[in-house]
Every structure is written in structure tokens, then in C-alpha cells.
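Visitor: Quick one: the structure is below, and I'll ask about it shortly.
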Amino acid sequence: MLGKLVMLLSDQLERIKRYPSSREARISKPQGVVKLWLLISRQGELIDLGLAQSSGSNLLDGEALRTVRTSRFPPFPEDAFEGAAQHRFTVSLKYEIEG
């Protein structure tokens, strides 16, 4: 169950993430993986969020955090994390330049 929920979260975030559009990003073209932790309530509310591992680029890290903050999450299925009001997930977002 946990693996499936993490996969659904990761897929959702991958679909809505955007590569940074700043002038600095267009010049430096950073690439990397941002690993984030998310604390989500049973109702699907984002309670807290942080970097588990930086990509090495403040531009990418900031964009990944923005992506999660602006996302909506579904409530947990009834049988997931019985008795828990919230759960902490870890997801990775990969930023690369398609060429």
C-alpha cells in the first residue's frame, strides 16, 4: 500500500513540476534530483515539507518545494495507515534538460 501511494504522489508531482524559468536557470541550465519529505494529513492537506536531499542547485530545490506547496493531494484510502492522522512520505523529483 505504501509503495503504491508513494508512486501515485511521485507521478502526480512529476506531471505538474516545471523547470525553473528564470534568466539564471536559462543560463546555468542546472540538472539534478531533489529529494523531499512531505507530511500529509489523512484528508490530503500538506502539513509540512522539507528537503531530504538537495539537488545542489537552489533553483531546482526551490522549484521542487514550490511544486509541492501548490499541489493538491487526495485523502488517504480508508485502509491506509489505520489510526494515523497523518503520514510522512519521501519523494524525488528529477530535473533534466531535454535536448
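Visitor: Starting from the Cα of residue 4, draw a straight line to each of the lysines and keep only those under 16 Å, dropping any in the same chain fewer than 8 residues away.
Guide: Hits, sequence-local ones excluded: zero.
Visitor: Helix 58-69 versus the longest principal axis of the chain: what is the Cα-based angle in degrees, 0 to 90, to the nearest 10?
Guide: 30
Visitor: Also: Can you give me the Kirkwood hydrodynamic radius for the chain, using every pair of distinct Cα atoms, in Å to one decimal?
Guide: 14.2
Visitor: Pick out which of 60, 13, 39 has the largest mean-square fluctuation in a Gaussian network model of the chain, springs linking Cα atoms closer than 10 Å.
Guide: 39
Visitor: Can you list residues from other chains, or at least 5 along the same chain, whose modelled amide H is less than 5 Å from the amide H of residue 31?
Guide: Under 5 Å from the amide H of residue 31: no residue qualifies.
Visitor: Give me the accessible area per residue for the chain, probe 1.4 Å, as a whole number in Å². The partial results should precede the final answer.
Guide: Values: 6310 Å² over 99 residues.
On a per-residue basis, 64 Å².
Visitor: When all protein chains stay in place, what accessible area (Å², nearest 10, 1.4 Å probe) is found for residue 29?
Guide: Rounded to the nearest 10, that gives 120 Å².
Visitor: Taking the Cα-to-Cβ direction at residue 7 and at residue 78 and moving 7 Å from each Cα, how far apart do the two end points lie in nm?
Guide: Reported label-point gap for residue 7 and residue 78 is 2.4 nm.
Visitor: Would you pull out the residues with amide H under 5 Å of residue 49's amide H, same chain only if 5 or more places away, H placed 1.01 Å from N?
Guide: 39
Visitor: Tabulate in residue order the Karplus-calculated ³J(HN,Hα) for segment 38-53, using 6.51 cos²θ - 1.76 cosθ + 1.60 with θ = phi - 60°, rounded to whole Hz; enter x for Gly and Pro.
Guide: Per-residue couplings from phi come out as 10, 9, 10, 6, 4, 7, x, 8, 6, 8, 7, 7, x, 7, 8, 7 Hz.
Visitor: Which ³J(HN,Hα) values, rounded to whole Hz and listed in residue order, are derived for segment 74-83 from phi using the Karplus coefficients 6.51, -1.76 and 1.60 in 6.51 cos²θ - 1.76 cosθ + 1.60 with θ = phi - 60°, glycine and proline given as x?
Guide: So the J values, rounded to whole Hz, are x, x, 5, x, 3, 8, 8, 6, 3, x.
Visitor: Just to confirm the number: angle between the C-alpha axis of helix 2-16 and the first principal axis of the chain, 0 to 90 degrees, nearest 10?
Guide: Computed tilt is about 40 degrees.
Visitor: Provide the gained length on full extension for the span residue 16 to residue 48, in nm with one decimal, where the gain is 0.36 nm per separating residue minus the Cα-Cα distance.
Guide: Numbers: separation 32, 0.36 × 32 = 11.52 nm, distance 1.92 nm.
Difference between extended and current length: 9.6 nm.
Visitor: May I pose another question? Keeping the other protein chains in place, figure out the carbon and sulfur percent of the accessible area of segment 30-99, with a 1.4 Å probe.
Guide: Values: 1830 of 4090 Å².
Summing carbon and sulfur atoms, their accessible area is 45 percent of the total for segment 30-99.
Visitor: In percent, what relative contact order does the chain have, based on Cα pairs under 8 Å that are 6 or more apart in sequence?
Guide: About 39 percent, as a whole number.
Visitor: Starting from the Cα of residue 94, step 7 Å toward the Cβ, then list every residue of segment 1-34 with an amide N under 20 Å from that point.
Guide: 3-20, 29-34, by backbone N distance to the label point.
Visitor: Pick from 74, 20, 30: which residue has the top mean-square fluctuation in a GNM of the chain where Cα pairs under 10 Å get a spring?
Guide: Fluctuation is largest for 74.
The values are calculated or read from the model by the stated rules, or taken from the named source; none is laboratory data. The model shown is predicted, which means the values in this text are computed figures rather than measured ones. Neighbour counts are summed over all protein chains in view; Cβ atoms, including those assigned to glycine, are modelled from backbone coordinates with ideal geometry. Note: areas computed on protein heavy atoms with side chains; ligands, DNA, RNA excluded. Shrake-Rupley method; radii C 1.70, N 1.55, O 1.52, S 1.80 Å.
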